[in-house]
Structure formats: C-alpha cells, structure tokens
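What follows is a single structure, written as structure tokens, with notes after it.
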Amino acid sequence: MILLTVSTTFAQQKYEIGNPNDEANYGYLKDYAPLKDYIDHEKYPNFKLGIGTTVSNYLNNATVKGLTNDNFTETVAGNAMKMSSCVGSDGSMNFTQVKNYVNAATKAGLAVYGHTLAWHSQQPTAWLNSLIKDIPAEPFENPDTLVYVEVKSKDFRTQQNVGWTADKSKYGFSIDFSATDGLHLKTTKKVNSWEVQFVALDGIPMEKGKTYKVTISAKGSSKGNLYTKLGDWGAGVNVNTTFSTEWKDIELTYKKATAGSFLLLQCGDFVGDLYIKSIKVEEAVGAMKINEPRRYLKVEASARKSDPWDNQFWIVCPTNFSKGAKFTFSADVRADKSAKASTQIHTSPGSYVTYQALGDIQFTTEWKTVQVSGNLADAGKSIAFNLSELAEANTYYFDNVSFKVNEVEMMKNGTFDGTDLSTFKMKKAGGSVVAPVIAEEEFYLQLPISTPLTAQQKRDTLVWAMDKWIKGMMEACDGKVKAWDVVNEAISGGGDDGSGNYTLQHANGSNDFFWQDHMGDLEYVRSAIRSARKHGPEDIKLFINDYNLESDWDNNKKLKSLINWIKKWEADGETYVDGIGTQMHISYYANASTQKSKENAIVNMFKLMANSGKLVRVSELDMGYNDASGNSVSTSKMTEAMHHKMADFYEWIVKKYLEIIPPAQQAGICFWCPTDSPTNSGWRADTPVGIWTLDHYRKHAYAGIAEGLGGVNIAGIEDVTCDEVTADKARTFDGIYTITGVRLPEETIFSKLPHGIYIVNGKKVVK
C-alpha cells in the first residue's frame, strides 16, 4: 500500500484541473494530486519526472511555470539550449536566456536536463560552414561578371511544405499545394503587407557580406506586390518586386547580405491567388574573367579496357632525337576530370621504346601551364601520353604545346592557330592511330582559384568550434545542469555499418551541416563527450538520444544499432556514454493487431535498454491517436473513449518502464508536450498530444500517467487508511463521497478511483 498525502502546492493551486463544462466526464480529475506526488522515491530513488518546456513561456507565463513546478521534478528546454538558439551566424554566443531559465528552474527545486550539444539540425550552419570553407583567392582586378552557384532550392510541386506562417485565420489567407502549380496562397482580405507572411524556404547556408540571387517562379490571379526578406528575424535584406498574371521567373539580388537562413515572403496588400512553382537561391562565389578566344586541341579518351596506354596521344617530331639529348616540354593543359598521364618514348606512334620520357603530366579541370626539362632516356621520334591512367572516359585539352630538343623547336602549329595537325596523333581504346579532331575555337571563363582546407584542417577547426560551444554552455549553466543529450539523433535508420547495423546519419547532398561528415563517425561523438566532461560538472551524465527506438517494423534494429555504435565509440577506452534516451513520439492505434505489435516492440525496447547496462531515459514521450485505418485523429475529432484508450496506454507505458528498467538504471520519463498541439504548430499540429488541453485543463491522460506512476491497485476498503467511525451513528451515510461532500454513483468501484481523500460509509479514507 502507498499512502499519499495531499501537498500544500496542490491544495493552494490556482490552475484549472477539470473541464468546467463536462463535470460528468472530467470532474473526477479534480481529486488527483500533482503528478510528482505519485512517485515512490524510496522504491525509485533515481527516477525523474520531466516535462518539455518552451523557455519563454516558463519564464513569462505564471500558469505554465506553476504547472511545471507543481507537477514535475525535471524540466527540459525544447529549443533554448540548442546551438542555433545560443550561437549566431557569426559565431557570437549569447546564453542570457539559458542562465535565466536554469536559475529560475533550479530555484524552484527542479532539475534541468540539457538538450542538446551535438546535432545535425538547428545549428548556425552559416558559421560552421564558414570555418571550413576554401581559402579565397585574390580577385581579378577587372572582372567581367559575377559567378553564381546554387546553395538551396525548392520545387513546391513535389516539396509541398513551408516553414513558419503568420496566423492564417486571423489575417484571412490559406496555403495549399498542387502537383501542377506548386504553392497556392489565397488571400481574402487586404491587410498590412507584413500580416500575410510565411517562410517559403529555410535552412539556407548564408554568409554575411555575400551577394545572393533569388529566382522565384510565380504568377497571380492579378498583378500584385511581393515583399521579400532574406536573412533571419533579427536582420535581413529586403527586396520588393511585383508579379503578373503570367508565369515569370522573378530574379532578385540581395547585396551585402546578413548571415541568416530563410527567405520570408509577404503580400498582405494583395487579394486573390498567388502561385509559386519554385524558388532557387544562388550565391555569388566570385568574379569571372572572360578570356579571348583560343584554339586548342581536344582529345577524347574512352573508358580503359586493360592498360593505361589503351588511349594515347602523340606529338610526332619531324626528325629523330638521340639518347641523352636535352629537352624542354611545356603546354597549357586541362581535362574534364582531374587525372594524370604517364609518358613514353616511341619511334613512331604505337612503336614503344621506353616508359622514361617526360614523367607524369597532371591535369586539372582548370587550365594550367606545365613545364618539364631534362635529358631524353632513349632515342626516338615521338612522345606518347597515356590517357587511360584514369579508368573512366575523359576529355583532355592541349594548347601552346612546345617540345624543344637541344633548344630546337620540334612542333608545328603548337598554338593551333592554323590547321596543320600533322605533328599530332591519337588513338582510342581498341582503335587505330588517327589525326586528332580539329581544334575547337571557344571562349573560356576563368575564376579565381581558391585553396581548400585539408581534411585534417577541417577536423581540427571543428573540434575547436565544438569545444568552444560546449564550454560556453557549461559555463552558462554553472554546474547546475547534471545531465545532457550530448549527441542527438545519430543513427540513420538505414544502410550497413559493416556489422549488420544501421549507419550514422550524413548530409548526403543536402545543405545541412553534419559534424560527422567532416570529423568522422567516431571522432565527432568522442569529441562532444570529451568537451562535456572537461567543462561540465564532475557528476555529469551524458546520454545518446534518438527516435524510433521502439520501432516494430524493423524489430528494434535502430536501437540495436545504437547500442552497437556506443560500443564503437567507447572502444578507445576513454569515451563513456552514461545512458540512452528514447524519444517515443508514438500513437495509440485503434487497430488491435497494430497496437499489440507496438506494445511488444516497446517491451522489447525496454528489455534491450535494460540489458545494455546504461541509464535509461524516456526523453520525449508524446502520443497521438490513429483510427482503425491508421489515420491520425485531430484533437477536435477525439471521443471520450479515444481519450481513455490513450490514458490507459500512458499508464501501461509508465508501468512497463518501472517494471522492466532496474531502479539503478532509471533516469526518468520526460513528457514532451504539456498541452495539445495548436493547429498552426510545427510539431504534430492539431493532435491530442498533451497532458492538459490548450486551456490548461487536465485530460484523461493526466489520470493515466498518475495511475502508472502510482503503480498500485487498491483492492478494497481494508487496504486503505481511515479514521474511526464517527460517534454519531445517525450522521453516518452509506456510500462513497468526495472530500467536498459530493456523493459518487452507487456502482462506483473504489479500486478504480484516483488517489485522493474520500468519505466511505462515514469514514475518512486516504487512497
């Protein structure tokens, strides 16, 4: 038996705890104590009951703060402690909000759990990419034009989503998509231009001071104004334009951009239909110089069949040269793909003498001048270039070719300004010796050549950046935050790491910044853990947090893979991971077989986590409801029966956690959503994920969690504590009453009642 007392905070609580319009269904919730009062701290000494917190609400909203402090023992910041919230696009750091939050929460007696130190999302991507970018070349003195390179794009016909939007119902607009016209913005009333606005494209890797070009393919039901902002909320470059009734690619240039990550569109003074097919953002990467026309030799090489000399190119001298003769070779060369060409001496094209000729000639994708001199290793009449050192098909280009023997020029038309190609021959793999193709005449474009950092330089730089960030965060927390998601969402959920497990996540061509792409799969985790232990409190606990660990579709393979990766990270003998966090963004399924499969996978997850020997934390638990067809049910469509099913599922999950996870490994459960999700939310919009409604009334989910935490079923009156029967028998009433004197229905089963104080047949009973 567990004897629970009613806390002072509960008795004095100012917040609504039941639906005032539905006493019959929700009135019983008033008798529940605060959630944290149901934790048996003697049995589960390490267990923490957490809640995901919007920090600005916690600091500024008395209701949110009160509910958090009264009901939980731990709080987790949803976004405020992520890197992008604290580190600017220029690398500057601001931890003011973090300090205020940590101080306020710990003063209220709450533990603060840190979320998160190393993640591939919500980062100052512009700053991180700037640290490892190529060293810029000196610009041309007299550039002819700017060169743009695409950095981000979206086709709304296939990528049917946008970022943040203003209040659509308030300002009379809607957004939908089609496979033909892409994004469709419909406005119904004229308002201020800034009141109809939305983030059309985000995650743009931008750098302060750069020039960007944005191309928007758009049309309207009538002509209208389009106001744009490229940057972020604090700063940005504004450019205004117009659209017409015909599809048009609108090009906008943003000079001296601020560092940021999104494109904001506004058109509140337009009434009608605006369609946008696509958006493309390009960065001016440098000045371009357009050089004069030149004639050069073009030699196409097919894929290698067997040997480097399958494809060959020859320069044929008019006379023989002798062994030991002094030579000088020079040429301007480039290729479609970087490659080398070894060289040989021949008596005639195809008649091999020796491999010792000019050495290896290196080709890059940019024109460069090569020059080689020395003494000829043997007599001959021709120099062969082996163009199959690169196995792939490639095209090689030669210009300004010079081959001097004893200071006598052996080439005719080495500049290819004329038509005489008699001193040049070529052969494709499997083909015969022929004259090269006619030299082509083209303009060519030249960019200043930047110098890339080496892989080691990038790793060293990012180790420094990660350490700087983690050090700043730990100093801001002042030793008060004892546990962290040190690495978040590392596992991909696909691929093979070489041992039959999933690989780690990587950018795979996206514009996102992934630490592991540059630091390596092992080092980025080890580096984060090393920095956290170096700068954090001595008793810090570090967790690897991930989602879909309870997945039934792959028999919990993602969790098994994570456990395997933890072993790899710890294999250096220095790295240690304290715990595993499972996010559990789940749903109750009305389909019985589906629900059973989900439950079995959750049990299996808890068993695997327990067997790992690590601390176990349910880090981000929230729940929706899926109907018999598997479709998510919106909050407004939920029935009482559905809510009770969700409450039962919450109770089951909490009890299974407490049952399967040994007390020494219990780090706790954090509920991710205090309230249901609004219709305009970026997280599980319009779904019943909360413990409270949006008006902060308790839901049935509250009772389910409380019952799960209590972990005991009262079988009868003999199992409860009560006072003596009142002396005045005439005033003794049969039946069950609440402490406020409300008689409960005769069919009420006492064991099913929530914890609280009752009058049972004239006796005061504490359940």
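Readers should treat all values here as calculations from the given coordinates under stated rules, not as data from a laboratory. As the structure is a prediction and not an experimental result, all values here were calculated from the model. As a convention, Cβ positions derive from the backbone with ideal geometry for all residues, glycine included, and neighbour counts pool all protein chains shown.
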Modelled FRET efficiency - R0 35 Å, ASN100 with THR158, Cβ distances, 0.05 increments: 0.25
Linear extension gain, ASN225 paired with LYS326, 0.36 nm per residue minus alpha-carbon span: 29.1 nm
Spacing of the two label points (7 Å from each Cα toward its C-beta) at THR241 and SER422, in nm: 5.8 nm
Highest average packing first - 597-609, 412-424, Cβ atoms within 10 Å: 597-609, 412-424
Alpha-carbon gyration tensor eigenvalues x 5, square-rooted, for the stretch 325-385, Å: 22, 13, 8
Dimensions (Å) - the stretch 294-442, Cα atoms, principal axes, largest first: 35, 34, 25
Estimated distance in nm for a label pair at THR63 and LYS186, the labels positioned 7 Å out from Cα along Cα-to-Cβ: 3.2 nm
For the stretch 52-104 versus the stretch 400-427, the gap between their alpha-carbon centres in whole angstrom: 73 Å
Space enclosed by the convex hull of the alpha-carbon atoms of the stretch 483-631, per residue, Å³: 130 Å³
Efficiency of FRET between ASP460 and SER499 - r from beta-carbon atoms, R0 35 angstrom, step 0.05: 0.75
Degrees separating the helix 96-107 axis from the principal Cα axis of the chain, which is the longest one: 30 degrees
Estimated vicinal HN-Hα couplings, Hz - the stretch 683-695 in sequence order (Karplus 6.51, -1.76, 1.60; Gly, Pro = x): 10, 6, 3, 6, 10, x, 7, x, 7, 10, 6, 5, 8
Angle between the chain longest axis and helix 700-710 axis [Cα atoms, degrees, rounded to 10]: 80 degrees
Folded to 0 to 90 degrees: helix 640-660 orientation relative to the chain principal axis, Cα: 80 degrees
Order of SER322, SER84, SER432 - criterion: other Cβ atoms within 10 Å of each residue's Cβ, fewest first: SER432, SER322, SER84
Loop sites in the stretch 305-334: trypsin sites (Lys or Arg not before Pro), DSSP, at most 12 other Cβ within 10 Å: LYS305
Computed label-point distance, nm, for sites ALA391 and ALA108 using a 7 Å Cα→Cβ extension: 6.3 nm
Which label in (1) 36.3, 107; (2) 35.5, 135; (3) 27.6, 94 gives the computed Rg and Dmax of the Cα atoms in Å: (2)
Sequence of HIS184, HIS115, HIS346 once ranked by neighbouring C-beta atoms within 10 Å, starting from the fewest: HIS184, HIS346, HIS115
For the stretch 615-686 and the stretch 304-336, distance of Cα centres in Å: 72 Å
Residues VAL618, VAL434, sorted so that the one with the fewest Cβ neighbours within 10 Å comes first: VAL434, VAL618
Kirkwood Rh, Cα atoms: Rg over Rh of the stretch 144-288: 0.96
